[in-house]
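The values are calculated or read from the model by the stated rules, or taken from the named source; none is laboratory data. Since we're looking at a predicted model, the values are computed, not measured. Here the Cβ positions follow ideal geometry from the backbone for every residue, glycine too, while neighbour counts run over all protein chains shown. We work out accessible area using only protein heavy atoms, side chains counted, and drop any ligands, DNA or RNA first. Shrake-Rupley method; radii C 1.70, N 1.55, O 1.52, S 1.80 Å.
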Amino acid sequence: MSAYQVLARRYRPQTFEDLVGQETVVRTLRNALATGKVSHAYVFSGLRGVGKTTAARILAKALNCERGPTPDPCGQCVPCREIAEGTSMDVLEIDAASNRGIDNVRELREVARILPVRDRYRVFILDEAHQLTGEAFNALLKILEEPPPHVVFILASTEKHKFPPTILSRCQQLDFRPLPTETIAQRLKEVAAREKFALEDAAAHLIARAAQGSLRDGLSILDQVRSFVGEAAVDAAAVSQVLGLPPLEFLVELWQALASGNPGRALELVAQREAQGGDPLLLYQELLELLRSLVLVAANREAPLPYPPPFREALADSAAQVGLASLLRILSLAISGRELVSAAPSPGLGVMVAVGKLALWPRLVRVEALLAGNQAVAPSASPAGFSEGSLPLGASPLEGFLDQVGHKLGVALAARLRSFCELSLGEGELLIRLRSGGPNATAKALQEALASLESLARELDLAQKVRLVVTEAEPSLEQKVAADPRVQAVLEVFGGKITKVEEQS
Ligand SMILES: [Zn+2]
(Lines give C-alpha, C1' and ligand atoms only; values in the text may rest on other atoms or scores of the structure.)
Protein backbone atom coordinates (compact mmCIF):
# COMPACT_ATOMS: atom_id res chain seq x y z
CA MET A 1 0.00 0.00 0.00
CA SER A 2 1.48 3.31 -1.03
CA ALA A 3 1.29 6.36 1.17
CA TYR A 4 -1.45 8.81 0.30
CA GLN A 5 -0.19 11.82 -1.57
CA VAL A 6 -2.19 14.96 -0.87
CA LEU A 7 -4.20 16.27 -3.80
CA ALA A 8 -2.41 19.63 -3.85
CA ARG A 9 0.85 17.78 -4.55
CA ARG A 10 -0.50 15.17 -6.88
CA TYR A 11 -2.22 17.79 -9.00
CA ARG A 12 0.50 20.40 -8.88
CA PRO A 13 0.67 21.83 -12.40
CA GLN A 14 3.67 20.53 -14.36
CA THR A 15 3.29 22.67 -17.50
CA PHE A 16 2.33 26.26 -18.23
CA GLU A 17 -0.83 24.89 -19.79
CA ASP A 18 -1.89 23.39 -16.46
CA LEU A 19 -1.33 26.63 -14.57
CA VAL A 20 -4.95 27.79 -14.41
CA GLY A 21 -6.06 31.33 -13.76
CA GLN A 22 -2.70 33.03 -14.50
CA GLU A 23 -3.03 33.65 -18.22
CA THR A 24 -1.08 36.93 -18.28
CA VAL A 25 1.87 35.49 -16.40
CA VAL A 26 1.89 32.34 -18.51
CA ARG A 27 1.76 34.27 -21.74
CA THR A 28 4.63 36.56 -20.71
CA LEU A 29 6.84 33.65 -19.70
CA ARG A 30 6.04 31.53 -22.77
CA ASN A 31 6.83 34.46 -25.07
CA ALA A 32 10.11 35.13 -23.28
CA LEU A 33 11.10 31.48 -23.66
CA ALA A 34 10.04 31.30 -27.31
CA THR A 35 12.01 34.41 -28.24
CA GLY A 36 15.01 33.70 -26.02
CA LYS A 37 14.45 36.83 -23.94
CA VAL A 38 14.28 35.34 -20.49
CA SER A 39 15.15 37.87 -17.80
CA HIS A 40 17.85 37.17 -15.21
CA ALA A 41 15.63 38.16 -12.33
CA TYR A 42 11.91 37.87 -11.74
CA VAL A 43 9.61 38.87 -8.93
CA PHE A 44 6.58 36.58 -8.73
CA SER A 45 4.12 38.25 -6.39
CA GLY A 46 0.63 37.35 -5.24
CA LEU A 47 -1.40 35.67 -2.51
CA ARG A 48 -0.34 32.33 -1.10
CA GLY A 49 -1.32 29.26 -3.03
CA VAL A 50 -1.92 30.92 -6.40
CA GLY A 51 0.95 29.17 -8.20
CA LYS A 52 4.06 31.31 -7.71
CA THR A 53 6.55 28.55 -6.81
CA THR A 54 4.82 26.17 -9.17
CA ALA A 55 5.33 28.64 -12.02
CA ALA A 56 8.96 29.10 -10.90
CA ARG A 57 9.56 25.35 -11.17
CA ILE A 58 7.92 25.19 -14.58
CA LEU A 59 10.12 28.07 -15.73
CA ALA A 60 13.18 26.21 -14.39
CA LYS A 61 12.15 23.10 -16.33
CA ALA A 62 11.53 25.17 -19.43
CA LEU A 63 15.06 26.58 -19.18
CA ASN A 64 16.83 23.32 -18.37
CA CYS A 65 14.79 20.71 -20.25
CA GLU A 66 17.02 18.60 -22.50
CA ARG A 67 14.87 19.74 -25.39
CA GLY A 68 14.90 23.35 -24.23
CA PRO A 69 14.94 26.14 -23.61
CA THR A 70 11.32 25.72 -24.60
CA PRO A 71 7.88 27.00 -23.54
CA ASP A 72 6.84 23.33 -23.40
CA PRO A 73 9.26 21.33 -21.25
CA CYS A 74 8.97 17.58 -21.89
CA GLY A 75 8.56 16.53 -18.26
CA GLN A 76 10.29 13.22 -19.08
CA CYS A 77 14.01 14.01 -19.27
CA VAL A 78 16.28 13.81 -16.22
CA PRO A 79 16.45 17.60 -15.58
CA CYS A 80 12.65 17.92 -15.90
CA ARG A 81 12.03 15.03 -13.51
CA GLU A 82 14.60 16.18 -10.98
CA ILE A 83 13.24 19.70 -10.95
CA ALA A 84 9.70 18.39 -10.43
CA GLU A 85 10.94 16.30 -7.51
CA GLY A 86 13.01 19.14 -6.07
CA THR A 87 16.31 17.20 -6.31
CA SER A 88 18.07 19.10 -9.10
CA MET A 89 21.56 20.34 -8.28
CA ASP A 90 21.10 23.35 -10.52
CA VAL A 91 17.70 24.50 -9.38
CA LEU A 92 17.74 25.59 -5.77
CA GLU A 93 14.64 26.43 -3.77
CA ILE A 94 15.52 28.55 -0.77
CA ASP A 95 13.16 29.53 1.99
CA ALA A 96 14.10 33.16 2.51
CA ALA A 97 12.17 33.30 5.78
CA SER A 98 14.70 31.01 7.47
CA ASN A 99 17.74 32.05 5.39
CA ARG A 100 17.31 35.75 5.56
CA GLY A 101 20.71 36.97 6.71
CA ILE A 102 23.60 38.46 4.81
CA ASP A 103 25.71 35.30 5.23
CA ASN A 104 23.06 33.25 3.48
CA VAL A 105 23.05 35.62 0.53
CA ARG A 106 26.88 35.71 0.41
CA GLU A 107 26.87 31.91 0.20
CA LEU A 108 24.29 32.11 -2.53
CA ARG A 109 26.51 34.56 -4.42
CA GLU A 110 29.39 32.11 -4.31
CA VAL A 111 27.20 29.34 -5.73
CA ALA A 112 25.84 31.65 -8.39
CA ARG A 113 29.33 32.36 -9.73
CA ILE A 114 30.01 28.66 -10.37
CA LEU A 115 28.78 27.22 -13.65
CA PRO A 116 25.81 24.85 -13.48
CA VAL A 117 26.68 21.24 -12.64
CA ARG A 118 24.91 19.74 -15.62
CA ASP A 119 22.14 21.97 -16.96
CA ARG A 120 22.09 25.26 -18.85
CA TYR A 121 21.04 27.52 -15.99
CA ARG A 122 21.42 27.84 -12.29
CA VAL A 123 17.96 28.82 -11.13
CA PHE A 124 17.47 30.25 -7.65
CA ILE A 125 13.92 30.26 -6.35
CA LEU A 126 13.71 32.41 -3.22
CA ASP A 127 10.44 31.79 -1.47
CA GLU A 128 9.04 34.60 0.70
CA ALA A 129 11.94 36.73 -0.52
CA HIS A 130 10.59 39.90 1.14
CA GLN A 131 11.83 38.45 4.44
CA LEU A 132 15.48 39.08 3.60
CA THR A 133 17.23 41.60 5.84
CA GLY A 134 18.31 44.97 4.49
CA GLU A 135 21.94 43.83 4.37
CA ALA A 136 20.97 40.63 2.60
CA PHE A 137 19.03 42.64 0.02
CA ASN A 138 22.13 44.81 -0.56
CA ALA A 139 24.25 41.73 -1.13
CA LEU A 140 21.63 40.36 -3.49
CA LEU A 141 21.54 43.65 -5.36
CA LYS A 142 25.23 43.24 -6.21
CA ILE A 143 24.54 40.00 -8.10
CA LEU A 144 21.44 41.44 -9.76
CA GLU A 145 23.47 44.39 -11.04
CA GLU A 146 25.82 42.09 -12.93
CA PRO A 147 24.20 38.69 -13.10
CA PRO A 148 26.34 35.84 -14.49
CA PRO A 149 24.80 34.79 -17.85
CA HIS A 150 23.92 31.29 -16.56
CA VAL A 151 21.88 32.52 -13.58
CA VAL A 152 18.16 33.18 -13.20
CA PHE A 153 16.68 34.47 -9.94
CA ILE A 154 13.02 34.08 -9.12
CA LEU A 155 11.94 35.99 -6.02
CA ALA A 156 8.53 34.76 -4.93
CA SER A 157 6.65 36.88 -2.43
CA THR A 158 3.27 37.51 -0.90
CA GLU A 159 4.37 41.03 0.05
CA LYS A 160 6.05 42.70 -2.88
CA HIS A 161 5.77 46.15 -1.27
CA LYS A 162 8.45 45.09 1.22
CA PHE A 163 11.12 44.83 -1.48
CA PRO A 164 13.55 47.75 -1.76
CA PRO A 165 12.85 49.71 -4.96
CA THR A 166 16.44 49.08 -6.09
CA ILE A 167 15.71 45.35 -6.20
CA LEU A 168 12.35 45.74 -7.89
CA SER A 169 13.81 47.95 -10.62
CA ARG A 170 16.24 45.16 -11.59
CA CYS A 171 13.58 42.46 -11.81
CA GLN A 172 10.82 41.71 -14.22
CA GLN A 173 7.69 41.79 -12.07
CA LEU A 174 4.86 39.35 -12.63
CA ASP A 175 1.75 39.63 -10.52
CA PHE A 176 -0.22 36.47 -9.83
CA ARG A 177 -3.92 36.99 -9.39
CA PRO A 178 -6.16 35.33 -6.82
CA LEU A 179 -8.07 32.66 -8.71
CA PRO A 180 -11.76 33.28 -9.38
CA THR A 181 -14.06 31.05 -7.35
CA GLU A 182 -15.49 29.58 -10.53
CA THR A 183 -12.02 28.57 -11.76
CA ILE A 184 -11.20 26.85 -8.48
CA ALA A 185 -14.58 25.07 -8.39
CA GLN A 186 -14.04 23.87 -11.94
CA ARG A 187 -10.57 22.58 -11.14
CA LEU A 188 -11.83 20.78 -8.02
CA LYS A 189 -14.43 19.01 -10.12
CA GLU A 190 -11.79 17.95 -12.65
CA VAL A 191 -9.66 16.55 -9.86
CA ALA A 192 -12.66 14.70 -8.38
CA ALA A 193 -13.45 13.21 -11.79
CA ARG A 194 -9.87 12.00 -12.19
CA GLU A 195 -9.81 10.62 -8.66
CA LYS A 196 -13.19 9.00 -9.35
CA PHE A 197 -15.14 10.31 -6.39
CA ALA A 198 -18.41 12.21 -6.38
CA LEU A 199 -18.20 15.95 -5.69
CA GLU A 200 -21.46 17.89 -5.67
CA ASP A 201 -21.50 21.15 -7.58
CA ALA A 202 -22.63 23.12 -4.51
CA ALA A 203 -19.86 21.49 -2.47
CA ALA A 204 -17.21 22.44 -5.02
CA HIS A 205 -18.38 26.07 -4.88
CA LEU A 206 -18.44 26.13 -1.11
CA ILE A 207 -14.85 24.87 -0.97
CA ALA A 208 -13.79 27.26 -3.73
CA ARG A 209 -15.19 30.25 -1.83
CA ALA A 210 -13.50 29.18 1.40
CA ALA A 211 -10.21 28.83 -0.51
CA GLN A 212 -10.29 32.60 -1.17
CA GLY A 213 -8.40 32.59 -4.43
CA SER A 214 -5.93 29.84 -3.56
CA LEU A 215 -6.20 26.61 -5.50
CA ARG A 216 -3.79 24.92 -3.11
CA ASP A 217 -6.03 25.76 -0.16
CA GLY A 218 -9.02 24.52 -2.15
CA LEU A 219 -7.36 21.16 -2.74
CA SER A 220 -6.34 20.89 0.93
CA ILE A 221 -9.91 21.50 2.03
CA LEU A 222 -11.10 18.90 -0.46
CA ASP A 223 -8.66 16.43 1.14
CA GLN A 224 -10.03 17.22 4.59
CA VAL A 225 -13.64 16.78 3.54
CA ARG A 226 -12.83 13.54 1.75
CA SER A 227 -11.35 12.00 4.84
CA PHE A 228 -14.42 13.18 6.74
CA VAL A 229 -16.96 11.57 4.38
CA GLY A 230 -15.02 8.35 3.77
CA GLU A 231 -16.59 6.52 0.84
CA ALA A 232 -19.63 8.80 0.63
CA ALA A 233 -20.03 11.62 -1.87
CA VAL A 234 -18.63 15.02 -1.00
CA ASP A 235 -21.74 17.14 -0.65
CA ALA A 236 -22.41 20.69 0.53
CA ALA A 237 -23.57 19.53 3.97
CA ALA A 238 -20.27 17.73 4.60
CA VAL A 239 -18.23 20.74 3.46
CA SER A 240 -20.27 23.07 5.68
CA GLN A 241 -19.74 20.78 8.61
CA VAL A 242 -15.98 20.45 8.14
CA LEU A 243 -15.51 24.18 7.64
CA GLY A 244 -18.10 25.20 10.21
CA LEU A 245 -19.88 27.23 7.55
CA PRO A 246 -23.61 27.90 7.45
CA PRO A 247 -25.27 25.84 4.68
CA LEU A 248 -26.09 27.84 1.57
CA GLU A 249 -29.83 27.24 1.88
CA PHE A 250 -29.63 28.74 5.33
CA LEU A 251 -27.70 31.77 4.12
CA VAL A 252 -30.19 32.39 1.33
CA GLU A 253 -33.05 32.14 3.79
CA LEU A 254 -31.37 34.68 6.05
CA TRP A 255 -30.90 37.01 3.12
CA GLN A 256 -34.58 36.68 2.23
CA ALA A 257 -35.53 37.65 5.78
CA LEU A 258 -33.29 40.73 5.52
CA ALA A 259 -34.49 41.67 2.05
CA SER A 260 -38.09 41.57 3.15
CA GLY A 261 -37.39 43.54 6.33
CA ASN A 262 -38.34 40.72 8.64
CA PRO A 263 -36.20 41.05 11.78
CA GLY A 264 -38.22 38.40 13.62
CA ARG A 265 -37.36 35.73 11.10
CA ALA A 266 -33.73 36.90 10.77
CA LEU A 267 -33.16 36.70 14.52
CA GLU A 268 -34.85 33.34 14.69
CA LEU A 269 -32.45 32.03 12.04
CA VAL A 270 -29.39 33.41 13.84
CA ALA A 271 -30.52 31.79 17.09
CA GLN A 272 -31.22 28.53 15.30
CA ARG A 273 -27.74 28.52 13.81
CA GLU A 274 -26.14 29.14 17.17
CA ALA A 275 -28.20 26.37 18.75
CA GLN A 276 -26.80 24.00 16.11
CA GLY A 277 -23.30 24.93 17.21
CA GLY A 278 -22.52 27.14 14.22
CA ASP A 279 -19.84 29.77 14.67
CA PRO A 280 -21.63 33.17 14.67
CA LEU A 281 -18.54 34.95 13.35
CA LEU A 282 -18.31 32.63 10.35
CA LEU A 283 -22.01 33.19 9.76
CA TYR A 284 -21.53 36.95 9.72
CA GLN A 285 -18.51 36.67 7.46
CA GLU A 286 -20.44 34.51 5.01
CA LEU A 287 -23.30 37.00 5.11
CA LEU A 288 -20.91 39.84 4.28
CA GLU A 289 -19.51 37.79 1.42
CA LEU A 290 -23.01 37.18 0.12
CA LEU A 291 -23.93 40.88 0.34
CA ARG A 292 -20.74 41.81 -1.47
CA SER A 293 -21.60 39.42 -4.29
CA LEU A 294 -25.15 40.78 -4.46
CA VAL A 295 -23.84 44.33 -4.80
CA LEU A 296 -21.56 43.27 -7.63
CA VAL A 297 -24.28 41.43 -9.48
CA ALA A 298 -26.75 44.29 -8.96
CA ALA A 299 -24.23 46.64 -10.56
CA ASN A 300 -23.57 44.25 -13.39
CA ARG A 301 -25.83 41.34 -14.13
CA GLU A 302 -22.93 39.57 -15.86
CA ALA A 303 -20.73 39.62 -12.74
CA PRO A 304 -19.94 36.06 -11.71
CA LEU A 305 -21.76 35.02 -8.54
CA PRO A 306 -19.66 32.52 -6.60
CA TYR A 307 -22.61 30.25 -5.88
CA PRO A 308 -23.84 27.12 -7.67
CA PRO A 309 -26.60 27.31 -10.30
CA PRO A 310 -29.88 26.80 -8.43
CA PHE A 311 -28.94 29.59 -6.01
CA ARG A 312 -27.10 31.75 -8.46
CA GLU A 313 -30.11 32.78 -10.55
CA ALA A 314 -32.34 33.26 -7.52
CA LEU A 315 -29.77 35.53 -5.90
CA ALA A 316 -29.21 37.51 -9.08
CA ASP A 317 -32.98 38.06 -9.38
CA SER A 318 -33.17 39.08 -5.77
CA ALA A 319 -30.30 41.55 -6.21
CA ALA A 320 -32.04 43.10 -9.22
CA GLN A 321 -35.25 43.39 -7.25
CA VAL A 322 -33.74 45.07 -4.21
CA GLY A 323 -31.58 47.32 -6.36
CA LEU A 324 -28.02 48.58 -6.19
CA ALA A 325 -28.71 51.63 -4.00
CA SER A 326 -30.41 49.62 -1.27
CA LEU A 327 -27.85 46.82 -1.47
CA LEU A 328 -25.01 49.28 -1.03
CA ARG A 329 -26.71 50.65 2.04
CA ILE A 330 -27.27 47.20 3.48
CA LEU A 331 -23.65 46.22 2.79
CA SER A 332 -22.31 49.39 4.34
CA LEU A 333 -24.47 48.82 7.40
CA ALA A 334 -23.26 45.25 7.55
CA ILE A 335 -19.65 46.42 7.44
CA SER A 336 -20.16 48.86 10.28
CA GLY A 337 -21.94 46.03 12.09
CA ARG A 338 -18.57 44.31 12.40
CA GLU A 339 -17.57 46.83 15.05
CA LEU A 340 -20.72 45.99 16.93
CA VAL A 341 -19.86 42.31 16.68
CA SER A 342 -16.34 42.73 18.03
CA ALA A 343 -17.47 45.08 20.81
CA ALA A 344 -20.21 42.77 22.06
CA PRO A 345 -19.58 40.67 25.21
CA SER A 346 -20.01 37.53 23.08
CA PRO A 347 -19.82 37.03 19.32
CA GLY A 348 -23.27 35.43 19.31
CA LEU A 349 -24.87 38.46 20.89
CA GLY A 350 -23.01 40.85 18.61
CA VAL A 351 -24.07 38.99 15.47
CA MET A 352 -27.65 38.85 16.70
CA VAL A 353 -27.82 42.61 17.18
CA ALA A 354 -26.00 43.37 13.94
CA VAL A 355 -28.30 41.11 11.90
CA GLY A 356 -31.38 42.48 13.65
CA LYS A 357 -30.34 46.02 12.78
CA LEU A 358 -29.77 44.99 9.20
CA ALA A 359 -33.31 43.69 8.93
CA LEU A 360 -34.71 46.92 10.39
CA TRP A 361 -32.78 49.19 8.07
CA PRO A 362 -35.33 51.28 6.20
CA ARG A 363 -34.82 50.34 2.60
CA LEU A 364 -36.19 51.42 -0.71
CA VAL A 365 -37.73 48.05 -1.30
CA ARG A 366 -40.10 47.95 -4.20
CA VAL A 367 -43.44 47.33 -2.68
CA GLU A 368 -44.64 45.11 -5.52
CA ALA A 369 -41.75 42.75 -4.90
CA LEU A 370 -42.54 42.75 -1.23
CA LEU A 371 -46.18 41.97 -1.79
CA ALA A 372 -45.40 39.29 -4.32
CA GLY A 373 -43.07 37.64 -1.81
CA ASN A 374 -45.97 37.46 0.70
CA GLN A 375 -43.70 37.80 3.72
CA ALA A 376 -45.42 37.82 7.03
CA VAL A 377 -44.05 39.97 9.80
CA ALA A 378 -43.45 38.23 13.07
CA PRO A 379 -46.31 39.50 15.27
CA SER A 380 -44.04 40.08 18.26
CA ALA A 381 -42.01 42.59 16.27
CA SER A 382 -44.96 44.82 15.41
CA PRO A 383 -45.69 46.86 18.54
CA ALA A 384 -42.16 48.22 18.93
CA GLY A 385 -42.04 49.12 15.28
CA PHE A 386 -45.31 50.95 15.40
CA SER A 387 -44.49 53.04 18.43
CA GLU A 388 -41.88 54.80 16.29
CA GLY A 389 -44.60 56.75 14.49
CA SER A 390 -44.93 60.28 15.81
CA LEU A 391 -48.43 60.99 14.58
CA PRO A 392 -51.29 61.02 17.03
CA LEU A 393 -53.75 58.61 15.55
CA GLY A 394 -57.13 58.59 17.10
CA ALA A 395 -59.44 56.86 14.71
CA SER A 396 -59.42 53.17 15.35
CA PRO A 397 -60.35 52.02 11.81
CA LEU A 398 -57.22 53.79 10.72
CA GLU A 399 -55.20 51.97 13.37
CA GLY A 400 -56.69 48.73 12.21
CA PHE A 401 -55.78 49.41 8.63
CA LEU A 402 -52.26 50.41 9.51
CA ASP A 403 -51.82 47.30 11.60
CA GLN A 404 -52.84 45.24 8.62
CA VAL A 405 -50.46 47.21 6.44
CA GLY A 406 -47.74 46.62 8.97
CA HIS A 407 -48.23 42.89 8.82
CA LYS A 408 -48.30 42.93 5.10
CA LEU A 409 -45.48 45.33 4.39
CA GLY A 410 -43.04 44.88 7.21
CA VAL A 411 -42.57 46.90 10.34
CA ALA A 412 -39.86 49.21 9.13
CA LEU A 413 -41.74 50.45 6.09
CA ALA A 414 -44.98 50.85 8.00
CA ALA A 415 -43.24 52.88 10.70
CA ARG A 416 -41.77 55.04 8.02
CA LEU A 417 -45.16 55.56 6.48
CA ARG A 418 -46.25 57.15 9.70
CA SER A 419 -43.26 59.39 10.08
CA PHE A 420 -43.44 60.74 6.57
CA CYS A 421 -47.16 60.98 6.03
CA GLU A 422 -50.11 62.72 7.50
CA LEU A 423 -53.08 60.44 7.52
CA SER A 424 -56.72 61.33 7.75
CA LEU A 425 -59.91 59.45 7.20
CA GLY A 426 -62.47 61.01 4.95
CA GLU A 427 -65.70 59.55 3.73
CA GLY A 428 -64.60 56.21 2.43
CA GLU A 429 -61.19 57.68 1.84
CA LEU A 430 -57.86 57.42 3.51
CA LEU A 431 -56.01 60.62 2.74
CA ILE A 432 -52.28 60.24 2.69
CA ARG A 433 -50.43 63.50 2.56
CA LEU A 434 -46.67 63.11 2.13
CA ARG A 435 -44.84 65.49 4.39
CA SER A 436 -42.42 67.82 2.73
CA GLY A 437 -39.70 67.39 5.37
CA GLY A 438 -38.58 63.90 4.34
CA PRO A 439 -35.80 63.13 1.90
CA ASN A 440 -37.09 63.27 -1.62
CA ALA A 441 -36.06 59.78 -2.63
CA THR A 442 -37.80 58.30 0.38
CA ALA A 443 -40.94 60.29 -0.17
CA LYS A 444 -40.97 59.17 -3.77
CA ALA A 445 -40.52 55.55 -2.90
CA LEU A 446 -43.27 55.82 -0.33
CA GLN A 447 -45.57 57.40 -2.83
CA GLU A 448 -44.98 54.44 -5.06
CA ALA A 449 -45.58 52.12 -2.16
CA LEU A 450 -48.76 53.87 -1.17
CA ALA A 451 -50.13 53.67 -4.66
CA SER A 452 -49.92 49.91 -4.40
CA LEU A 453 -51.71 49.95 -1.08
CA GLU A 454 -55.02 50.62 -2.71
CA SER A 455 -55.28 47.08 -3.98
CA LEU A 456 -54.11 45.82 -0.65
CA ALA A 457 -56.91 47.67 1.07
CA ARG A 458 -59.40 45.95 -1.16
CA GLU A 459 -57.79 42.60 -0.67
CA LEU A 460 -57.98 43.03 3.08
CA ASP A 461 -61.69 43.75 2.75
CA LEU A 462 -61.88 46.49 5.33
CA ALA A 463 -65.20 47.21 6.96
CA GLN A 464 -65.42 50.46 5.07
CA LYS A 465 -63.98 50.35 1.59
CA VAL A 466 -61.26 52.92 1.84
CA ARG A 467 -59.77 54.68 -1.11
CA LEU A 468 -56.24 55.88 -0.76
CA VAL A 469 -55.50 59.39 -1.90
CA VAL A 470 -51.89 60.40 -2.07
CA THR A 471 -51.00 64.05 -2.35
CA GLU A 472 -47.86 66.11 -1.96
CA ALA A 473 -47.88 68.19 1.19
CA GLU A 474 -48.18 71.94 1.08
CA PRO A 475 -44.69 73.45 0.89
CA SER A 476 -43.56 74.80 4.25
CA LEU A 477 -43.22 78.52 4.94
CA GLU A 478 -39.41 78.19 4.69
CA GLN A 479 -39.67 76.52 1.31
CA LYS A 480 -42.07 79.18 0.03
CA VAL A 481 -39.77 81.98 1.13
CA ALA A 482 -36.68 80.30 -0.29
CA ALA A 483 -38.42 79.86 -3.63
CA ASP A 484 -39.38 83.54 -3.86
CA PRO A 485 -37.35 85.22 -6.70
CA ARG A 486 -37.01 88.47 -4.71
CA VAL A 487 -35.50 86.60 -1.76
CA GLN A 488 -33.20 84.69 -4.08
CA ALA A 489 -31.95 87.96 -5.64
CA VAL A 490 -31.14 89.40 -2.21
CA LEU A 491 -29.33 86.24 -1.19
CA GLU A 492 -27.28 86.28 -4.38
CA VAL A 493 -26.20 89.90 -4.03
CA PHE A 494 -25.33 89.73 -0.34
CA GLY A 495 -24.23 86.10 -0.26
CA GLY A 496 -26.37 85.29 2.74
CA LYS A 497 -28.53 82.39 3.77
CA ILE A 498 -31.90 82.05 5.40
CA THR A 499 -31.59 81.17 9.07
CA LYS A 500 -35.08 81.83 10.34
CA VAL A 501 -38.49 82.52 8.85
CA GLU A 502 -41.22 84.01 10.94
CA GLU A 503 -44.80 84.70 9.99
CA GLN A 504 -45.99 88.20 10.76
CA SER A 505 -49.25 88.29 12.55
ZN1 LIG B 1 12.56 17.84 -20.25
Original post:
Quick check, is residue 25 assigned to a helix (DSSP H, G or I), more than 16 Å from the ligand (Cβ to nearest atom) and assigned by TED's automatic domain parsing to the domain that holds residue 163?
Top reply: yes
Among the residues that make up region 11-21, is at least one of them among the aromatic types (Phe, Trp, Tyr), away from the ligand (no atom under 16 Å from the Cβ) and within 22 Å of residue 116 (Cβ to Cβ)?
no
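Keeping to region 16-29, report how many residues are open to solvent by 50 Å² or more (accessible area, probe 1.4 Å) and either under 24 Å from residue 191 (Cβ atoms) or in contact with a Lys or Arg (Cβ under 9 Å, 6 or more places away or on another chain) (or both). Can you show your working first?
Within region 16-29, the subset open to solvent by 50 Å² or more (accessible area, probe 1.4 Å) is 17-18, 23-24, 27.
Then drop every residue that is not either under 24 Å from residue 191 (Cβ atoms) or in contact with a Lys or Arg (Cβ under 9 Å, 6 or more places away or on another chain) (or both), which leaves 17-18, 23-24.
Qualifying residue count, region 16-29: 4.
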Checked against (1) open to solvent by less than 50 Å² (accessible area, probe 1.4 Å); (2) part of a strand (DSSP E or B); (3) touching a residue at least 60 places away in the same chain (Cβ under 8 Å), residue 126 satisfies every condition except (3)
Selection from region 37-61 of residues more than 17 Å from residue 24 (Cβ to Cβ) and within 13 Å of the ligand (Cβ to nearest atom) yields 57, 60, 61
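Looking only at region 158-175, count how many residues are under 32 Å from the mean Cα position of the chain (by Cα) and within 16 Å of residue 134 (Cα to Cα).
8
Looking only at region 92-110, decide whether some residue is assigned to a strand (DSSP E or B) and within 16 Å of the ligand (Cβ to nearest atom). Quick ask: steps written out before the conclusion?
We begin by selecting, within region 92-110, every residue assigned to a strand (DSSP E or B); these are 92-95.
Narrowing the set further to residues that are within 16 Å of the ligand (Cβ to nearest atom) leaves none.
Looking for residues that are assigned to a strand (DSSP E or B) and within 16 Å of the ligand (Cβ to nearest atom), one finds none in region 92-110, hence no.
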Can you confirm whether residue 119 is within 37 Å of the chain's Cα centre (by Cα), within 15 Å of the ligand (Cβ to nearest atom), acidic (Asp, Glu) and assigned to a loop (DSSP other than H, G, I, E, B)?
no
### Message
Against the definition (modelled with pLDDT under 95, within 16 Å of the ligand (Cβ to nearest atom) and in a loop (DSSP other than H, G, I, E, B)), how does residue 88 come out, yes or no?
### Response
yes
Checked pairs for region 49-75, first in a helix (DSSP H, G or I) and open to solvent by 10 Å² or more (accessible area, probe 1.4 Å), second of a type in the set (Lys, Arg) and more than 10 Å from the ligand (Cβ to nearest atom), C-beta under 8 Å and 6 or more apart or across chains, list as 54/12
If you go through 236, 192, 210, 156, the only one that is touching a residue at least 24 places away in the same chain (Cβ under 8 Å), buried (at least 16 other Cβ atoms within 10 Å of the Cβ) and assigned by TED's automatic domain parsing to the domain that holds residue 39 is 156
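Residue by residue through region 1-13, note down the ones that are in a loop (DSSP other than H, G, I, E, B) and closer than 18 Å to residue 179 by Cβ. Spell out how you get there, then give the answer.
Initially, region 1-13 is screened for residues in a loop (DSSP other than H, G, I, E, B), giving 1-6, 11-13.
The answer is 11, 12, 13.
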Of (1) near the ligand (Cβ under 8 Å from one of its atoms); (2) within 22 Å of residue 126 (Cβ to Cβ), residue 75 satisfies every one except (2)
In region 223-249, anything under 24 Å from residue 292 (Cβ atoms) and at pLDDT 90 or above is listed as 239, 242
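Could you check region 76-103 and list, in sequence order, the residues that are among the polar types (S, T, N, Q) and crowded, with 17+ Cβ neighbours inside 10 Å? Please lay out each step first, then the result.
In the first step, residues of region 76-103 are kept if they are among the polar types (S, T, N, Q); the result is 76, 87-88, 98-99.
Within region 76-103, 88, 99 qualify.
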Cβ pairs under 6 Å, 6+ apart or interchain, first in region 76-100 and in the same structural domain as residue 55 (by TED's automatic domain parsing), second in a loop (DSSP other than H, G, I, E, B) and away from the ligand (no atom under 13 Å from the Cβ), ordered by first then second residue, are 89/117; 90/116; 90/117; 96/128; 96/132; 97/128; 100/132; 100/133
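Any residue that is in contact (Cβ under 8 Å) with a residue 24 or more places away in the chain, outside any helix (DSSP H, G or I) and in contact with an Asp or Glu (Cβ under 8 Å, 6 or more places away or on another chain) - is there at least one of those in region 275-283?
no
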Exception for residue 354 within (1) more than 21 Å from residue 203 (Cβ to Cβ); (2) in a helix (DSSP H, G or I); (3) open to solvent by 60 Å² or more (accessible area, probe 1.4 Å) falls at (3)
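Answer yes or no: is there a residue in region 167-179 that is closer than 17 Å to residue 229 by Cβ and either free of Cβ contacts under 8 Å to residues at least 60 places away in the same chain or assigned by TED's automatic domain parsing to the domain that holds residue 53 (or both).
Start the filter on region 167-179 by keeping residues that are closer than 17 Å to residue 229 by Cβ, which leaves none.
No, the conditions are met nowhere in region 167-179.
Suppose the filter is more than 20 Å from residue 211 (Cβ to Cβ) and basic (Lys, Arg); does residue 67 pass it? Talk me through it step by step, then tell me what you get.
Values: more than 20 Å from residue 211 (Cβ to Cβ): yes; basic (Lys, Arg): yes.
It is true that residue 67 is more than 20 Å from residue 211 (Cβ to Cβ) and basic (Lys, Arg).
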Checked against (1) open to solvent by 20 Å² or more (accessible area, probe 1.4 Å); (2) more than 30 Å from residue 223 (Cβ to Cβ), residue 257 satisfies every condition except (1)
